[in-house]
Amino acid sequence: MIPFEDTQKMPRSPRIAPWTVVVLLLAASARAQLGQPAAQPPARPASQAPAQPSIGADTISDTREATNQQKDWHFVGHVEFPIDKDTTIFADDLKYTSDDDMAIVTGNVTFAQGSNRISAERAEFNTKESLGTFYNATGIVTVKPPSRPQPVRPGAVAPPAVPGQETSVIFFGEKIEKIGRKKYRITNGGFSTCTQPTPRWDLHAGTVVLNVGHYTMLRQAVLTVKGVPMLYLPVIAYPTKKEDRATGFLIPAYGVTTLRGQSIHDAFFWAIDRSQDATIMHDWFSKVGQGIGGEYRYNYGLTGNGFLNAYMLNQHEATYVQADGTETTTDANRYFQLRGTTSETLPGNIRVRGNLNYFSSISTSQTFNTNIFDATSNQRTIGGNVVGAWSSYTLNGTLDHNEYFYNATDSSLSGSWPKVAFSRNERQLFGSPVYFTVGTEFAHLLRNSFTSTSDIDSSLTRFDISPQIRYPFKKWQWFTVNSTVSWHDTYYTRSLDPSSGTTVDDSLSRRFYSLQAQIVGPVFNRIWDTPDNTYAEKFKHSIEPVLTVTRTSTIDNYDHIPQFDGVDSFVGGVNYTYGLNNRFYARRHLTPGAPAQAREIVDVEISQSYYTNQFQAQYDRQYQTSTYGGEAPSSFSPIALNVRIMPTIEVNATMRAEFDARYHSLRTISASGGYALGTYLQTQVGWSKRAFIAELPDFNDPTRLDQTLNASATARTKDNKYGTVYSFNYDVLHGAMLQQRVSGFYNAQCCGLAIEYQTYNYGAASLSPIPADRRFFLSFTLAGLGNFSPMNGALGGVPR
């Protein structure tokens, strides 16, 4: 629900739809962290109750008159009339009668109870019940969150107390009746959470029941902003609660896009308890129809957490006028999407995880979502994982169902359904420095190819057993060798026909052994002491030569083995992987007053592999470009370069490149970097390129080349009053802006505004009925009320 622009004239503001609910219940801070209910504070023993003040002795006034044997009093001038330890009435004139405990107060009346105040022209007050009526009055009460730490039961989460998060509520009316300690009935008045002399907004109603710590009910209510009536509501319940979440409707969001027209997004939030909540959402689109969805979240701490959201979009026919004057009409359809994750700890030291990202239509998914990740995603997935560990044994079970779409009708399916691995963890053999482990795996591997006319099933079942013996040599810190001997015995229910490239129903067995030695060193170090340097007091440079030698026995039928993952990628021969690691460290004072700490600031790694069997180059998964499918047999792999720079906590950068050793050309390169200035500014930039090499298969196809640039920046003021986010994705190869997105927010003491504008270019080959979309979204915030991001991800990146 959290992540998420047309040449047509912007439409007018929409009228309120006829289905607008008559009763609007607003919710407080719905997106707060889940946790458990706060413990109730202990009641004060009766012996500690404060003594009641004496009417005559403790009251202050200029003059006074006592009657009825000093049971009735009349105080005049600068009256201070104490009712109890926390409650006092101030006025110009006060008449008190003991028979009914009533005080008739006039002139500059102020009722003070703790931090709460009511000011009025006159009042009638029952001093025994602390109840009364105030005329032409205004008041202010404070809603405080729980101040003491909340005890956490096993499996629950209690959010940390945040000081200074109090909400003040001012109220006014021709008549205010105090009918409870924190409950008031207001006639022809209203309230606001703006405490400025002139509130930016208020809710005015014929009748208001203000219940501090609960909901405030209003009848015949009008929402006024800057003195301008904005919205009429027959009945409204507004949360004036001290809890961080409350059940109710969230503030709606408004949007307009080229593709779907104007939209109104409503949501109802249900605070089930401190560890669970649910949100029900409804979207209305003027051009295409309506959508409805919901999200359920839970958080029980270490025992489990997760969420599930579901959405259905019911779209009717829509017609779009193209730039050349022609019209495009879309068919009516229903689209749904499901997303969720879960993580659970079960008895017996078992951990269960699950993930779901499923949609019914790739074309609707890419045009409905506003964030670039979902809008460009061609894949829907269903997955789950079970992990258990007992003593020296580990069980790992996985379900993985991935479908990748090439267009609206063609797709490929991959994954495992299921994959179960059981292993015996490493243990020393007879007290020697030699370690033994064994692993087994059963997997039903999925591979299907779907088109509008065919369904090719290349799935199979595989069973593998692999014992291993390892001997680590680590006598010297500057030179280490890690040697392993392993055996693989693998059975496949189906095999690959090399001549046709298809999977046939012939079973296959594969047996081989592998010897490997991982050598690091000799390591060379040099240290510089720089006590006068303002950046660091000491520097260190470390040079690490690395060499991995792998000898795999001959596998005669390797070309008959379908390639699914690393288990299938073994080819007989010797593989030498060599490289050089350069690491730079700096000992710096990261925290003022704390001891200096050493941290890596620059890391440069370069590596390459040499194969005695040239076919090994086609299956080496250490290199990203070796598994594209068109790699020619070669004795050398690409040259891989990795660079990582972290000079400070605020600055970081990474780069990876692969160079073709035969044609001396760049294959791929990607780089990214970021800068953060406290909470005020965060920036991120990334660039990637896939180069053209005429002699190299799969790199000589111009349609498969790409070069993109993306960047994002978030800026906000120290008090979080103003803020903005900007991001873009640019296709450097074709000189086209894929998308730009800018959003901003303004937060006052009691209200705020969030806006977002996006332009998104689908391109000529897209599944959208229009080549580009322009999108605008608007949301208001009021103190004590929650807001949300619609299901399409709009306003999801606004840091309110």
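In terms of overall dimensions, region 269-404 has a Cα radius of gyration and Dmax of 19.8, 72 angstrom. Separation of region 559-624 and region 494-529, taken as the distance between their Cα centroids, equals 14 angstrom.
For every other residue with a beta carbon closer than 10 angstrom to the beta carbon of LEU356, add +1 if it is Lys or Arg and -1 if Asp or Glu, then tell me the sum. Numbers along the way, then the final one.
Values: positive: ARG339, ARG380; negative: none.
Net local charge, LEU356 excluded: +2.
Each pair of Cα atoms in region 176-318 enters the Kirkwood radius, and Stokes-Einstein at 25 °C and 0.890 mPa s then converts it into a translational diffusion coefficient of 137 µm²/s.
Per residue, how much accessible area does the chain have with a 1.4 Å probe, in Å²? Walk me through the numbers on the way to the answer.
Working: 40650 Å² over 800 residues.
Heavy-atom SASA per residue in the chain reads 51 Å².
Listed by chain and number, the aspartates and glutamates whose alpha-carbon sits under 14 Å from that of LYS226, ignoring those within fewer than 8 places in the same chain, are ASP202. Taken along its principal axes, the alpha carbon cloud of the chain reaches lengths of 116, 75, 55 Å, longest axis first. Pairs of Cα atoms in region 610-705 fall into 10 Å distance bins, from 0 up to the last occupied one, in shares of 15, 39, 24, 15, 7, 1 percent.
Normalising the Debye intensity of region 213-273 to I(0), with uniform scatterers on Cα atoms only, and taking log10 at q = 0.17, 0.27 Å⁻¹ returns -0.80, -1.17. Across all C-alpha atoms in region 63-143, the radius of gyration and Dmax reach 12.2, 43 Å. Shown here: region 419-485, whose C-alpha atoms stretch 63, 28, 14 Å along the first, second and third principal axes, sorted largest to smallest. Given +1 at the Cβ of Lys and Arg, -1 at the Cβ of Asp and Glu and no other charges, the dipole of region 652-707 around its Cα centre is 140 debye to the nearest 20. Ignoring ligands, DNA and RNA, what percent of the 1.4 Å accessible area of the chain is carbon and sulfur? In the chain, the share of accessible area belonging to carbon and sulfur is 57 percent. Computed with the Debye formula from one identical point scatterer per Cα of region 549-608, without solvent, the log10 of I(q)/I(0) at q = 0.14, 0.24, 0.27 Å⁻¹ comes to -0.65, -0.99, -1.07.
Using every pair of separate Cα atoms, the Kirkwood estimate puts the hydrodynamic radius of region 426-551 at 19.5 angstrom. Sorted from longest to shortest, the spans of the Cα atoms of region 670-800 along the three principal axes equal 65, 39, 20 Å. Net length available on complete extension from ARG526 to GLU80 is 152.6 nm, with 0.36 nm assigned per residue and the Cα-Cα distance removed. Within straight-line reach of LYS128, meaning a Cα separation under 19 Å, sit the following aspartates and glutamates at least 8 residues removed in sequence or on another chain: ASP58, ASP72, GLU80, ASP84, ASP86, ASP99, ASP100, ASP101, GLU177.
The protection proxy used here, the mean number of other Cβ atoms lying within 10 Å of each residue, ranks peptides 603-609, 318-324 as follows, highest first: 603-609, 318-324. Applying Stokes-Einstein at 4 °C and 1.567 mPa s to the Kirkwood radius of region 506-659, computed over alpha-carbon pairs, gives a translational diffusion coefficient of 70 µm² s⁻¹.
Regarding region 705-782, what whole-number volume in Å³ per residue does the convex hull of its Cα atoms give? List each step's numbers first, then the result.
On the way: hull volume 6.8 nm³, N = 78.
In region 705-782, the Cα convex hull volume per residue is 87 Å³.
Restricting things to alpha carbons, find the Rg to Rh ratio for region 603-664 using the Kirkwood radius for Rh. When Rh is taken as the Kirkwood radius, the ratio is 1.11.
One Cα centroid belongs to region 440-471, the other to region 233-307; the line between them spans 42 Å.
Using only Cα atoms, figure out Rg for region 341-438 and give it as a multiple of 2.2 N^0.38 Å. Before the final figure, lay out the partial values.
Values: Rg = 19.6 Å, N = 98, 2.2 N^0.38 = 12.6 Å.
Against the empirical 2.2 N^0.38 Å value, I get 1.56 for region 341-438.
The values are calculated or read from the model by the stated rules, or taken from the named source; none is laboratory data. The model shown is predicted, which means the values in this text are computed figures rather than measured ones. We place every Cβ from the backbone using ideal geometry, glycine too, and count neighbours over all the protein chains shown. Note: areas computed on protein heavy atoms with side chains; ligands, DNA, RNA excluded. Shrake-Rupley method; radii C 1.70, N 1.55, O 1.52, S 1.80 Å.
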